[in-house]
1. Going by what's in this entry, would residue 145 be described as without any contact (Cβ under 8 Å) to a residue 24 or more places away in the chain and of a type outside the set (Asp, Glu)?
2. Among (1) closer than 22 Å to residue 648 by Cβ; (2) surrounded by fewer than 23 Cβ atoms within 10 Å (Cβ to Cβ); (3) in contact with a Gly (Cβ under 9 Å, 6 or more places away or on another chain); (4) modelled with pLDDT of 85 or more, which single condition is residue 582 missing?
3. Determine, yes or no, whether residue 150 is touching a His at 6+ places or on another chain (Cβ under 7 Å) and part of a loop (DSSP other than H, G, I, E, B).
4. State which residue is modelled with the highest pLDDT when the search covers only region 689-713 and only residues that are closer than 18 Å to residue 665 by Cβ and outside any strand (DSSP E or B).
5. Being touching a residue at least 12 places away in the same chain (Cβ under 8 Å) and at negative phi narrows it down to one residue among 184, 128; which is it?
6. Among what's in region 546-573 and is touching a Phe, Trp or Tyr at 6+ places or on another chain (Cβ under 7 Å) and assigned to a loop (DSSP other than H, G, I, E, B), pick the residue that is farthest from residue 489 (Cα to Cα).
7. Taking into account only those residues within region 426-445 that are outside any helix (DSSP H, G or I) and either among the small types (Gly, Ala, Ser) or outside the structural domain of residue 636 (by TED's automatic domain parsing) (or both), which is nearest to residue 379 (Cα to Cα)?
8. Could you check region 298-325 and list, in sequence order, the residues that are outside any helix (DSSP H, G or I) and either of a type in the set (A, V, I, L, M) or surrounded by fewer than 19 Cβ atoms within 10 Å (Cβ to Cβ) (or both)?
Amino acid sequence: MKKKYTINQESKSYLANLLATERLEVQYKKTQTASFDVKSRVLTIPIWKKDLSEPVTDLFVSHEVGHALYTPMSLLIKSKKLKINHSIVNVVEDARIEKLIKRKYNGLRQTYIRGYKELIADNFFGTQGKDINEYLLIDRLNIHFKSSHVSSNVKFTDEEMKYVEMMNKLETPEDVIKVSKLLQEYCNQEKEETGREQQIEFDKHELEEVSPEEMTDEEKENSINVEETEDTAEDNAQSKESKSNDEAKSEDDSTDEVNNGIAGASDDSAISETDVAWEQTKNQILDSEALDNDYCSIHSFSNTDDYITDYKEVLSDFKKLHIDRMTKKNKIDPYDYSRRESEGYEQRYSTSLAAAKSEYRKFAKTSLKTVMYLVKEFEMKKSAALYARATTARTGVVDTLKLHSYKYADDIFKKISVVPDGKNHGLMLLLDWSGSMYDKILPTVEQLINLTMFCRKINVPFEVYAFTNNSENESYDQEKQITYRLGDIMLDERFRLVNWASSRMNNKDFEENMFNLYALARRFNQRNSRHWEEQDPFDVLQQPYSYHMSSTPLNDALMIFHKLVPAFIKKYSIEKMNTVLLTDGHSDRGAQRWDPTSRHLGRRNSNLILISKKTRKQYNLNNNGYHSRDLTSILIENLREETGTKIVGFYLQSKKAIEIYNFNHSHGESNKYGKYLDFKTETALKLEWRKNKCIITDRKIHDTPYDEHYTISSNNLKVSDEEMATPSENAKTGELKRLFAKSRNSSLQSRMILNRFIKLVA
């Protein structure tokens, strides 16, 4: 009884890439034949039954890789032009590419012997119960070479042995054409002499001719020289002007795909019965009940600037708005419902703006004290870490102070301490700019400002983006529409990133934009509290319409980051990249896959699989990727693998009790927590939350998509700079020390995000 095993499509995709020594894109589809796209380097393989034996499966995969590596498009063109029967070309080309792939990977020899032995025994070639030696030469050659020369019941005459030797010596596509043409002539004669009837019904599935214009330069160079083949003088003499209309039409029809089975022109001449039987019988191994696979990928954005509002534009937008409000110019915002028609509005706005800036400067000044303390602490940690990795080496220079001991000691040379250089770090941060962040935005922004101040002090390159789909363009700019390809995941047409802060800023621009961000956070936070005050300066201030909060296009932002992060790493020569996500919810969209015929989330009766264009790794999106959290987890995992960045997530909650449902979804569904927590795990999480108002998970332990993930109460994010409590009368040194430490610890602990980042880079 044959041993069966379950086919792992992902592992066989890796096998195909290893055999091809390139990153092919391997797709499993419900198709009858395999194919290879020479331009996109996509190898399509039929979905076989899951109980195929491993030798047969590996045989099929390596065979298709052989076609991908060694079968040029020119072979298809010339075989049709020379009217060589496609089944004969199939047999000859299969022998050549299998010889080459086995030569390249010697271990495949046993795989082919075992695999074809099983296929022949299962009558895949239609020879069961028949005498193979009664077949035409082309069929005997097919069985002989398919069985790796080990079949003892295939016989050849002395005259036929020269064709066996020809097959053994096949190296190039030109050889295939020459041998195929000779075999066709011999088998036609053999058929006439023996009177053998070849009545086999089969699907004449032929590949459409490929135009030379669609061939690659390499294929043109390797194109078969028809003039060098036998009996082609008449074909070569025919001029372009004398070609028939039918022939010209045939040349116009083209494709980029190489089918499993090399197609050529078919006529009433001899055919390979075993090859035809194989093409028919192999349908038996196809899994008709399997779900088809739909493949998607992240679009290769040609210009990410179309989706980014740079900090310079942000500064300009707010400057224009403030000038407009203070000078009572025409409205720049159709949704402006401010009290600008009231008497003295311009002066009140100007006064409020000045008061708000004064308050922000006070916050920034106070925060700077703590930030500078942390900078010193960071420098000490970094120095300690470098010292711990320091090594001592001999210089080769004699130490004169040790020269007296040369007779009994070898260590008479000067030594030097070698301290390794610190790594060049970088930071990119994504801030959730959704409406649900109203009650969390102020403490989050305070944390963000502290973090950017720290990065500026220690010269760490950084970029801070807020993701939103509140584009100011009410109608989508047709000139900026993305030219999607089949399978591309589409972006929200109104999606954009707002670049609030950057290490590219000078001091003036940084302070101005941080004030704009802080003022928005203060204003949104007041709205949430429902305690609007006429005299509060931040209540009087306005913001451009396009900076209002919207929904949560997190997945769109992560797709853009697949382009931005590598560019950032390259620009600043980053060795240790860190990506931080600040959000209070899940992305509002799943994988919206582009299809020219219909814009939908894939087919419900298919599996949706994301393929990395860089690594060719495949990620199963769990039934079409309808759930945005599944796509989020995969995009994070893929971003890490493509760029090497460390990804830290902060999931913000405003409620006192831990939201178990949201906690689960923030970690994705493919983690050890699972969709539904058991009672013990849920109880432990609730206890941890009550104790610390924070739950920390680690990718290695909890199998989350993030390297580290913090589920945290937004109340814990409020930046605190408490003054030291007043000591008692006649206070002693111990009390003063204790009070000072308490105030200092309070300041440090309130800066959780900054503290976490320091640990990452120190």
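1. No; evaluated as a whole, the condition is false for this residue.
2. (2)
3. no
4. 706
5. Of 184, 128, the one residue that is touching a residue at least 12 places away in the same chain (Cβ under 8 Å) and at negative phi is 184.
6. Checked region 546-573; the qualifying residue farthest from residue 489 (Cα to Cα) is 549.
7. 426
8. 298, 300, 301, 302, 303, 308, 310
The values are calculated or read from the model by the stated rules, or taken from the named source; none is laboratory data. Just so it is clear, the structure is predicted and the values come from calculations on it, not from any experiment. Every residue, glycine among them, receives a Cβ derived from its backbone with ideal geometry; neighbour counts consider all protein chains shown.
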